[in-house]
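The values are calculated or read from the model by the stated rules, or taken from the named source; none is laboratory data. Remember, predicted model here, so these are calculated numbers, not experimental data. Cβ: placed from backbone, ideal geometry, glycine included. Neighbour counts: every protein chain shown. Areas reflect the complete protein model, heavy atoms only, side chains present, ligands, DNA and RNA absent. Shrake-Rupley method; radii C 1.70, N 1.55, O 1.52, S 1.80 Å.
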Amino acid sequence: MSYQSINPYTSELAAEYGNLTDIELEEKLRKAHAAFKNWRNTPFSERAEIMRRAAALLRERREELGRINTTETGKLISVSIGENYLAAGIMDYYADHAEEYLQPHYLENPDPIIGSAVGIYQPLGIIYAVEPWNVPIYQAARPSATQLMAGNVILLKHASSCPQCALAMEQLFLEAGLPEGCFQNLFIDYAQSAHLIADSRIVGVTFTGNSAAGRIIAAQAGQYLKKSILELGGSDPMIVLPDADINKVIQGAIIGRLAISGQVCESDKRMFIHESLYTDFLNGIRNTTAFLKAGDPLDPKTTFAPLCSRAAAEEVRAQIAKAVKHGAAAEEIGPEVPANSAFVRITVLTDVTEDNPIFREEIFGPVLMVFQWHNEEEMLRLANATPYGLGASVYSEDPRAATRLASRLEAGMISLNQATMSSPAVPFGGIKESGYGRELGQEGIREFTNLKYINSTTVDMRTVLTMLQTP
Ligand code: NAP
């Protein structure tokens, strides 16, 4: 297996890299281990300075990195450039907030045998991050900004289809002043990845990708009692109540479902539209997508991009065919796309019954599964009848009704009257087969820290807290 940059639009091979040898991999591991010993003791203020420089470089290089991203993933150039801003925002956010989120704290405890306590968060060591191609700059930044700010170091195995993005991020951190060994990119195969997880110097694994691969990585980590975080697939429901504003609904559906041509984990993949708005919704989607223009994603005039590869497009087309074979109706809308390419025509699937296998599958492409409902309880049951539990959205002009439904949806992240999206401050993650643990937020930065409690009945723990706060 090698790491290849193949332009999904032209099918041209832009760059290819061989895997590390086992000796080279060992050298990277040794470097990371050595780097941790210093980095863990580097003050927050110094870590933050480096992280802010990395963010500034990312913004400065937005065009160059955007082009690399689009060439490797096929997404629109404007979207690739926007991804750099999101990733830079994450870096800045944890530069600003890491120290606050990892503050020592006092725990009053009336137990006369144990006494009161002070809790501190300490970094653990090398975190191994396995990441997907769909948002390669963001996916490199998400675990790195939090974990580097927490004092851990990162070994990154990025997807084999985005090696140039992975190298660009490694270079960017180095130029920002991150000490050598704190963030290293690895071109490795699955056997080497398993070997790495087994190594005692790796203390945690964060994996983002599909649920089948997540199972394998989690089992490998579990075998060696390593903590893992899994950020997996999703089939988010979008719930539209009768009093929803149809313009917000259509805008949310287009952004939520068609961003990156439908290749987003947290995305409204199943739309439950109240019967009173069903026809308006379908017409609104048809009319809005009619203006999209399919073409070269590097051309700023293009508004509808290919998928990440021809193989991915074939897989989505096969899923559509399977849905139809089991009784669904498929309507192609939006712009015509070239045949035998990485493009998939935007498709609306209706009449999907619960026993249709597609009902429980994630479709990673521009496909809207649309359901019409009239009974709220039954709609809610169907919305939750998925193996996944990543995100969801609820549309209603009545905040009480929207909140009530949001609290009953089985998901980790729910948006009201807008598409679900990642934001630096908000913990990201799901439940069920969408994984466990969180990246981002206070919870995310603490995932790979040791929450250590020190207690005493004879020592004044408030004094201990003060000492820890002013080393
Ligand atoms: P994938 O095949 O699971 O790949 C993701 C990463 O895992 C890649 O680096 C891949 O390496 C690696 N990988 C896969 N199997 C492995 C194994 N046995 N050992 C070591 N590494 C392994 O992901 P994908 O299907 O391309 O990505 C799309 C999926 O990711 C969707 O399901 C999407 O919903 C999910 N996703 C989730 C989130 C989230 O935050 N929840 C975000 C983005 C995407 P290679 O490239 O070398 O195979």
request  = Filter region 126-157 down to residues that are within 15 Å of the ligand (Cβ to nearest atom) and either in a loop (DSSP other than H, G, I, E, B) or modelled with pLDDT under 95 (or both), then give me how many there are.
outcome  = 5
query = Of all residues in region 179-191, which are within 15 Å of the ligand (Cβ to nearest atom) and either surrounded by fewer than 18 Cβ atoms within 10 Å (Cβ to Cβ) or closer than 18 Å to residue 52 by Cβ (or both)?
reply = 189, 190, 191
inquiry  = It is to be established whether one or more residues within region 98-109 are outside any helix (DSSP H, G or I) and among the acidic types (Asp, Glu).
reply    = yes
ask   = Which pairs have Cβ atoms under 6 Å, sit 6 or more apart or on different chains, and link a residue in region 430-442 that is at negative phi and of a type in the set (Asp, Glu) to one that is at pLDDT 95 or above and more than 11 Å from the ligand (Cβ to nearest atom)?
value = 433/387
remark   = Being of a type in the set (Ser, Thr, Tyr) and within 16 Å of the ligand (Cβ to nearest atom) narrows 116, 160 down to just 160
task = Quick one: which residue in 54, 48, 35 is among the aliphatic types (A, V, I, L, M), surrounded by 16 or more Cβ atoms within 10 Å (Cβ to Cβ) and in contact with a Cys (Cβ under 8 Å, 6 or more places away or on another chain)?
result = 35
message = So, in region 42-80, how many residues would count as being over 22 Å from residue 293 (Cα atoms) and of a type in the set (A, V, I, L, M)?
response = 9
ask   = In region 138-170, which residues are closer than 16 Å to residue 428 by Cα and buried (at least 24 other Cβ atoms within 10 Å of the Cβ)?
value = 139, 140, 141, 142, 143, 144, 145, 146, 147
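Residues are listed down the side, and each one gets a yes or a no for (1) within 16 Å of the ligand (Cβ to nearest atom); (2) β-branched (Val, Ile, Thr):
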{"residue": "283", "(1), (2)": "no, no"}
{"residue": "288", "(1), (2)": "no, yes"}
{"residue": "308", "(1), (2)": "yes, no"}
{"residue": "311", "(1), (2)": "yes, no"}
{"residue": "328", "(1), (2)": "no, no"}
message = Filter region 417-433 down to the residues that are outside any strand (DSSP E or B), more than 11 Å from the ligand (Cβ to nearest atom) and open to solvent by 50 Å² or more (accessible area, probe 1.4 Å) and list them by number.
response = 418, 421, 426
request  = Report whether or not residue 94 is more than 15 Å from the chain's Cα centre (by Cα), open to solvent by less than 50 Å² (accessible area, probe 1.4 Å) and either modelled with pLDDT of 95 or more or of a type in the set (Val, Ile, Thr) (or both).
outcome  = yes
inquiry  = Filter region 443-468 down to the residues that are within 17 Å of the chain's Cα centre (by Cα) and without any contact (Cβ under 8 Å) to a residue 60 or more places away in the chain and list them by number.
reply    = 443
task = Inspect all residues belonging to region 100-108 and state whether any of them is open to solvent by 10 Å² or more (accessible area, probe 1.4 Å), over 21 Å from the mean Cα position of the chain (by Cα) and of a type in the set (D, E, K, R).
result = yes
ask   = Looking at region 334-351, is at least one residue part of a helix (DSSP H, G or I), open to solvent by less than 10 Å² (accessible area, probe 1.4 Å) and either free of Cβ contacts under 8 Å to residues at least 12 places away in the same chain or in contact with a helix residue (DSSP H, G or I) (Cβ under 6 Å, 6 or more places away or on another chain) (or both)?
value = no
task = Could you tell me whether residue 117 is surrounded by fewer than 22 Cβ atoms within 10 Å (Cβ to Cβ), closer than 19 Å to residue 450 by Cβ and at pLDDT 95 or above?
result = yes
key: Every residue from region 434-471 that is under 30 Å from residue 267 (Cα atoms), open to solvent by 30 Å² or more (accessible area, probe 1.4 Å) and not in a loop (DSSP other than H, G, I, E, B)   = 436, 442, 443, 446
query = In this structure, does residue 411 turn out to be assigned to a loop (DSSP other than H, G, I, E, B) and open to solvent by less than 50 Å² (accessible area, probe 1.4 Å)?
reply = yes
ask   = What do you reckon, is residue 176 near the ligand (Cβ under 9 Å from one of its atoms) and small (Gly, Ala, Ser)?
value = no
request  = For residues that are among the hydroxyl-bearing types (Ser, Thr, Tyr) and open to solvent by less than 50 Å² (accessible area, probe 1.4 Å), scanning just region 1-32, find the one that is nearest to the ligand (Cβ to nearest atom).
outcome  = 3
message = Going by what's in this entry, would residue 390 be described as over 25 Å from residue 322 (Cα atoms) and either without any contact (Cβ under 8 Å) to a residue 60 or more places away in the chain or of a type outside the set (Gly, Ala, Ser) (or both)?
response = no
request  = Inspect region 54-62 for any residue being in a helix (DSSP H, G or I), in contact with a Pro (Cβ under 9 Å, 6 or more places away or on another chain) and within 19 Å of residue 439 (Cα to Cα) and give the result as yes or no.
outcome  = no
task = Sort out which residues of region 64-97 are part of a helix (DSSP H, G or I), over 25 Å from residue 427 (Cα atoms) and aliphatic (A, V, I, L, M), and write them in order of number.
result = 65, 68, 77
